[in-house]
Ligand SMILES: Cc1cc2nc3c(=O)[nH]c(=O)nc-3n(C[C@H](O)[C@H](O)[C@H](O)COP(=O)(O)O)c2cc1C
């Protein structure tokens, strides 16, 4: 199998968490002889080449981060330039995010399933997982702890050619945190984190507190 991969993050490759995830994922995927080519949406100079490859390939994988509960605007702009395909092509997705609870990615997942149909593609499923905020900031060992599990998912994808197996579905982790974890997080966000964010804002020249409501 040959897979055409699009990194749908607007961040340049060097700083993209999605790219680090793909690094591990493709290691596993290629173990059985699967090959791939990868493109970056963040580099507009690649867009013509991406379109050309999109029309020539039968197995397409778009890996994307969740941006403001949604698909990144730059990727959307690119997708709007694609024509409906009439031939046999499978479109699968890796959807990843900063916050860890699976539930906040489900709306995006439902959208991606619809998108595959609208582009005339067979839907190959979406690998859904959060808790990826810090990947690009971590040292190699810590990073591997976060991205390492994607290698196994790459293996699964290499075998099945999609993300429809139970193993891939259960990769997400918890849909919601237990009540006591939510309570603790909310306390942290209302106290330490709030203070920290305000300090950052002040150091960047912001004159008002972050919860300033001038129109109230
Ligand atoms: C502008 C922006 C919006 C984001 N919105 C969300 C969000 O709504 N939910 C979430 O869990 N993570 C959100 N994140 C975090 C990213 O999904 C996460 O850091 C991801 O790993 C970034 O991947 P990338 O570096 O390849 O772009 C956001 C990040 C940015 C920069």
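Rule-based calculations on the coordinates, nothing more; no lab input. Keep in mind that what you see is a predicted model, and the values were worked out from it rather than measured. For neighbour counting, all protein chains shown are included, and Cβ atoms are generated from backbone atoms with ideal geometry for every residue, glycine included.
Over all Cα pairs of the range 1-44, how is the pair count split among 10 Å bins, expressed in % and running from 0 up to the last occupied bin?
For the range 1-44, the pair-distance distribution reads 29, 52, 19, 1.
Quick one: order 197, 163 by neighbouring beta-carbon count within 10 Å, fewest to most.
197, 163
Just how far, in whole angstrom, is the range 120-151 from the range 64-107 if you go by their alpha carbon centroids?
14
Who wins for biggest fluctuation among 194, 145, 20 in a Gaussian network model of the chain, springs between alpha carbons below 10 Å?
Per the Cα network of the chain with a 10 Å cutoff, 194 tops the list.
Please give the FRET efficiency for residue 13 paired with residue 165, using the beta carbon to beta carbon distance and R0 = 35 Å, rounded to the nearest 0.05.
It comes to 0.75.
Using helices alone, what [θ] at 222 nm do you get for the chain, with -39,500 (n - 2.57) per DSSP H run of 4 or more residues, divided over all residues and rounded to the nearest 500?
Per the formula, -12500 deg cm²/dmol.
Among 199, 169, which comes first, second and so on when ranked by fewest other beta-carbon atoms within 10 Å?
Going from sparsest to densest Cβ surroundings: 199, 169.
For a paramagnetic label modelled at 7 Å from the Cα of residue 118 toward its Cβ, which residues of the range 73-88 fall within the zone defined by backbone nitrogen distances under 17 Å?
Hits in the range 73-88 for residue 118 at 17 Å: 73-86.
Please report Rg over Rh for the chain, where both radii come from the alpha carbon positions and Rh follows the Kirkwood definition. Before the final figure, lay out the partial values.
On the way: Rg = 18.9 Å, Rh = 18.7 Å.
Answer for the chain: 1.01.
Rank-order 173-184, 56-67 by packing density, defined as the average count of other C-beta atoms within 10 Å over each peptide's residues, highest first.
Going from most to least packed, we get 56-67, 173-184.
Quick check on the chain: of the DSSP beta bridges with both residues there, what percent are antiparallel, nearest 5%?
In the chain, approximately 5 percent of DSSP beta bridges are antiparallel ones.
Can you put 70, 121 in order, fewest other beta carbons within 10 Å first?
On the way: 70 11, 121 20.
Result, fewest neighbours first: 70, 121.
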